[in-house]
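The values are calculated or read from the model by the stated rules, or taken from the named source; none is laboratory data. Every value quoted in this text rests on a predicted model; they were computed, and no experiment measured them. Cβ placement follows ideal geometry from the backbone for every residue including glycine, while neighbour counts extend to all protein chains displayed. All accessible areas refer to the heavy atoms of the entire protein, side chains included, with ligands and DNA or RNA removed. Shrake-Rupley method; radii C 1.70, N 1.55, O 1.52, S 1.80 Å.
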Amino acid sequence: MVSGRTKVLCVIGSPIAHSLSPLIQNAAIRAAGLDYVYIALPVRPQALRSAVRGLCDAGICGFNVTIPFKTAILDLMDVLDEDARRIRAVNTVVVEPDGTLVGYNTDVCGFLAALIKRSIVLNGKQVVLLGAGGAARAALWGVLKQGAKKVSIGVRNPMKGMLLCEDFAADGDIQAFHFSDAVFSERLHAADLIIQTTPMGMAPHIQEMPPIDWSVVNPKAVAYDLIYTPMKTRFLREAEQHGLSVVNGEDMLIAQGAEAFYLWTGVRPDVEVMTHTLREELRRRG
Ligand code: NAP
């Protein structure tokens with residue numbers, strides 16, 4: 001029960017009403033028997049600074065950050081952990097007792113958790129990333145940290161792909177290609193892991209997917225789509241038809257939330273409870 005002693009956590013974003021985080025985090029809080037509550041707060045884009053100051057002045061102990069603030073909030077942090085610094089985005093803030101704001105990015109750890117859970121080793125492997133947006137940055141840094149040998153990024157806009165490559169040029173062998181480039185086709189052929197990071201195929205646009213020539217793809221490769229609605233995108237369905245094993249975005253969503261929970265509370269949450277809550281809610285929303 002919420003009382004005067006209850007510690008408050010939240011997610012800030014705009015819009016925020018659709019966020020699944022309050023349901024998932026409160027389920028984890030109840031399961032752990034902790035005296036916390038997690039709420040969603042809509043913050044006007046121009047009011048980020050004053051909102052963060054107000055939250056801290058009111059004694060909040062931590063919060064998540066989502067669209068459109070993941071990059072803008074960097075300037076308000078006193079300390080950044082390595083993942084947040086490298087991908088230049090924060091999704092989790094811990095407010096230390098002395099008011100210090102520490103920015104983390106748990107998407108990297110969430111992204112990797114789905115692979116680790118399946119014992120998929122990246123050291124020395126070839127990876128193809130589809131897309132070069134925010135989620136691609138987290139995935140790229142994640143695969144580089146795990147020792148991927150070569151990363152090829154397929155994009156519709158090669159300039160954006162090149163900028164992403166430049167940011168991580170010192171960390172590995174990374175190149176960007178237009179989806180239609182013949183060399184990209186060769187990279188697809190050699191890939192051990194193909195990661196779909198665009199919103200193509202996300203509900204309600206479930207017929208969309210990036211242009212992939214499955215005939216060149218190694219059926220022993222793994223296809224990982226960061227989308228979790230629907231659970232199996234067209235990209236994953238077609239990958240499965242071609243013999244690939246598939247991973248969807250559910251574990252990433254849960255694991256990034258679980259890591260944030262741990263950073264705030266020092267307690268490892270029950271991820272089964274979080275996953276069950278997510279699935280129930282997605283079923284309810286249809
Ligand atoms: P974003 O920053 O907007 O990036 C989207 C990327 O996809 C950009 O590179 C964009 O290309 C590309 N793209 C979009 N539409 C395209 C199209 N029709 N054809 C080719 N490329 C297209 O978005 P994001 O934040 O990275 O999110 C991407 C997806 O990841 C979303 O579906 C999101 O739900 C999912 N995600 C999942 C999790 C999780 O926990 N499972 C976490 C984060 C994100 P341009 O650069 O040319 O615009």
_To check my understanding: the extent here is largest minus smallest coordinate of the Cα atoms along each principal axis. What are those three numbers for the range 201-286, in Å, largest first?_
48, 28, 17
*Could you pull out the pairs from K117/K149; K70/K220; K7/K117; K7/K145; K150/K220 whose alpha carbons sit more than 29 Å apart here?*
K70/K220; K7/K117; K7/K145
*asked:* Rg over Rh of the range 193-247, using C-alpha atoms and the Kirkwood radius, what does it come to?
replied: 0.93
_Shape verdict for the range 234-274, please, from the Cα gyration tensor: rounded (a/c under 1.5), prolate (a/b greater than b/c) or oblate._
prolate
*Let a ≥ b ≥ c be the square roots of the eigenvalues of the Cα gyration tensor of the range 1-55; is it rounded (a/c under 1.5), or, if not, prolate (a/b larger than b/c) or oblate?*
oblate
*Give me the net charge of M202's neighbourhood, meaning all other residues with Cβ under 11 Å from the Cβ of M202; Lys, Arg count +1, Asp, Glu -1.*
-1
*With an 8 Å cut-off on Cα pairs and a minimum separation of 6 or more residues, tell me the relative contact order of the range 140-187 in percent.*
41
*Looking only at S185, S50, S21, which one moves most when the chain is put into a Gaussian network model with springs between Cα atoms under 10 Å?*
S50
_For the chain, I need the span (max minus min coordinate) of the C-alpha atoms along each principal axis, in Å, sorted largest to smallest._
61, 39, 32
*Given the options Q46, Q241, Q126, which has the most mean-square fluctuation in a GNM of the chain, springs set between C-alpha atoms less than 10 angstrom apart?*
Q46
*Along the Cα-to-Cβ line of Q146, 7 Å from the Cα, sits a label point; which residues in the range 175-200 have backbone N less than 17 Å from it?*
191-198
*Over the range 15-174, give the accessible area per residue in Å² for a 1.4 Å probe, as an integer.*
46
*Solvent-accessible ranking of F179, F235, largest area first, probe 1.4 Å*: F179, F235
*Give a residue-ordered list of calculated ³J(HN,Hα) values for the range 80-86 (Karplus: 6.51 cos²θ - 1.76 cosθ + 1.60, θ = phi - 60°; whole Hz; x for Gly, Pro).*
10, 7, 4, 4, 5, 5, 5
*When the Cα centres of the range 230-286 and the range 51-121 are compared, how far apart do they sit, in Å?*
19
_I'd like the antiparallel share, as a percent to the nearest 5, of DSSP beta bridges with both residues in the chain._
15
*asked:* As I understand it, the value is the acute angle between the Cα axis of helix 106-117 and the longest principal axis of the Cα atoms of the chain; what does it come to in degrees, rounded to 10?
replied: 60
*Does the range 48-168 classify as rounded, prolate or oblate by the C-alpha gyration tensor (a ≥ b ≥ c root eigenvalues; a/c under 1.5 gives rounded; else a/b over b/c gives prolate, otherwise oblate)?*
prolate
*Among residues other than A190 whose Cβ falls under 11 Å from its Cβ, what is the net charge (Lys/Arg +1, Asp/Glu -1)?*
+2
_Residue-count net charge about Y38 - beta-carbon cut-off 14 Å; Lys, Arg +1, Asp, Glu -1_ = +1
